[in-house]
Amino acid sequence: MRPIQMVDTHTQYHKIKSEIDKAVTDVIESSAFINGKPVQEFASGLSAYMGVKHTIPCGNGTDALQIAMMALGLQPGDEVITPSFTYIATTEVIALLKLTPVFVEVDPKTFCIDPVAAEKAITSKTKAIVPVHLYGQASPMEEIMAIAKKHHIYVIEDNAQATGCDYIFKDGSKKKTGTIGHIGATSFYPSKNLGAFGDGGAIFTNDDSLAVKLKMIANHGQSKRYYHDVVGCNSRLDTIQAAILNIKLKHLDEYAAARRKAADHYDKAFAHHPKIRTPYRAEYSNHVFHQYTLILEAVDRDGLNKFLAERNIPSMIYYPVPGHKQKMFEHFKVASQELPVTDWLTERVISLPIHTELDEEQLNFITSNILEFINK
Ligand SMILES: *Cc1c(COP(=O)(O)O)cnc(C)c1O
């Protein structure tokens, strides 16, 4: 059996190696390492795939979120509503810009922001909601957009984990997650569903004037060369990364299908087990399984993690400490709030290996070992 990894980018690379190697060599030969032709090609290719008007490539997903908040003109003291049950980048940039993170609960079924909790948290200072499409499943965007419209606040989608996910509206129409809010932010970190061979990110919007601001802020606030109108930052997608992403974008749907196939296999193996809750699949979202995350009931999670590790099966806790319990937010008054659902999930979730290269033998080995431990 091939060794099992949380994410197997190496095997994936070898299937498209000749194409990738040529694209990388071409960039090196051109020596246009910054803003070379592949960057523009990638931005237009991704816009077409996402069905969005503007794609602004940038340095990473964290920058994408930061630039989005800067372009919306959020000011120190403004409140931004976000789930606590997410990766730190989402909430860190809020604090970095001296905005106030307001943590709210997630729906324990979907792991995504609870719209009722989000609306309850709105005050006169609230300027934005940041839903996170966690683990590859869409947040309930129709509800969130309605709340935002009613209260005149912005929506910034954190789509870092859900590139390729379709949101299915009640009328049956579809949009890609990341293109529904005022701005969407994503990451091409190597393990993400559309992963580069280094850091990368992008920002999406359908709003022409926001697109101008986003582009400007990502490029030192520059309106024309050496004329800087606003304070921005330096956040670029390397040409080499763009060239690699151009190739991987063509495979994205096939990669999502492979992830879903692995998820189906897990679902079947764990179906109806009294101690295992398999990922809920919301009817409005086609899950792209950035993570395959179980909820364990009355299982010694650390014991399971150790048992699996001894059999060379990796497993991870995403994430062991929720935002509202992180030391970096200690000084925020809102951080002292109680989020029982988030705490409950944090104690029970475990993520299994999921990627595009898992075969039947590996999947059976993983599931039989998990069941052996849990049924002991
Ligand atoms: C990965 C990730 C980010 C940040 O992306 P980077 O490219 O690593 O900066 C932000 N939010 C979520 C939910 C993520 O998973």
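The values are calculated or read from the model by the stated rules, or taken from the named source; none is laboratory data. What you see is a predicted model; the values in this text were computed from it and never measured. Positions of Cβ are backbone-derived with ideal geometry, glycine not excepted, and every protein chain shown enters the neighbour counts. Protein only, heavy atoms only, side chains kept; ligands, DNA and RNA dropped before computing areas. Shrake-Rupley method; radii C 1.70, N 1.55, O 1.52, S 1.80 Å.
Go through region 179-194 and give me each residue that's more than 10 Å from the ligand (Cβ to nearest atom) and out of contact with any strand residue (DSSP E or B) (no Cβ under 7 Å at 6 or more places or on another chain). Passing the criteria: Asn193, Leu194. Scan region 67-84 and tell me whether some residue there is among the acidic types (Asp, Glu), assigned by TED's automatic domain parsing to the domain that holds Ile168 and either open to solvent by less than 10 Å² (accessible area, probe 1.4 Å) or more than 16 Å from the ligand (Cβ to nearest atom) (or both). Yes.
Filtering region 220-279 to residues that are among the β-branched types (Val, Ile, Thr) and either part of a loop (DSSP other than H, G, I, E, B) or within 17 Å of Tyr189 (Cα to Cα) (or both) leaves Val230, Val231, Thr239, Ile240, Ile244, Ile247, Thr278.
When restricted to residues that are within 16 Å of the ligand (Cβ to nearest atom) and surrounded by 20 or more Cβ atoms within 10 Å (Cβ to Cβ), region 196-213 contains 6. All of Arg225, Arg259 fail the test of being surrounded by 19 or more Cβ atoms within 10 Å (Cβ to Cβ) and among the basic types (Lys, Arg), apart from Arg259.
For region 7-23, does any single residue satisfy the condition of being within 15 Å of the ligand (Cβ to nearest atom) and either assigned to a strand (DSSP E or B) or surrounded by 13 or more Cβ atoms within 10 Å (Cβ to Cβ) (or both)? Checked region 7-23: at least one residue is within 15 Å of the ligand (Cβ to nearest atom) and either assigned to a strand (DSSP E or B) or surrounded by 13 or more Cβ atoms within 10 Å (Cβ to Cβ) (or both). State whether the residues of region 96-114 include one that is in a helix (DSSP H, G or I) and crowded, with 21+ Cβ neighbours inside 10 Å. There is no residue in region 96-114 that is in a helix (DSSP H, G or I) and crowded, with 21+ Cβ neighbours inside 10 Å.
Evaluated against (1) outside any loop (DSSP other than H, G, I, E, B); (2) crowded, with 21+ Cβ neighbours inside 10 Å; (3) in contact (Cβ under 8 Å) with a residue 40 or more places away in the chain, Glu92 falls short on exactly one condition, (2).
With the condition kept exactly as written, say whether any residue in region 71-86 is under 24 Å from Pro322 (Cβ atoms), part of a helix (DSSP H, G or I) and in contact with a Pro (Cβ under 6 Å, 6 or more places away or on another chain). It would help to see each step written out before you state the result.
Just the residues of region 71-86 that are under 24 Å from Pro322 (Cβ atoms), to begin with: 74, 77-86.
Still in the running and part of a helix (DSSP H, G or I): none.
There is no residue in region 71-86 that is under 24 Å from Pro322 (Cβ atoms), part of a helix (DSSP H, G or I) and in contact with a Pro (Cβ under 6 Å, 6 or more places away or on another chain).
Does region 289-305 contain at least one residue that is of a type in the set (D, E, K, R) and closer than 30 Å to Val24 by Cα?
First pass over region 289-305, keeping only residues of a type in the set (D, E, K, R): 297, 300-302.
Adding the requirement that they be closer than 30 Å to Val24 by Cα leaves none.
Checked region 289-305: no residue is of a type in the set (D, E, K, R) and closer than 30 Å to Val24 by Cα.
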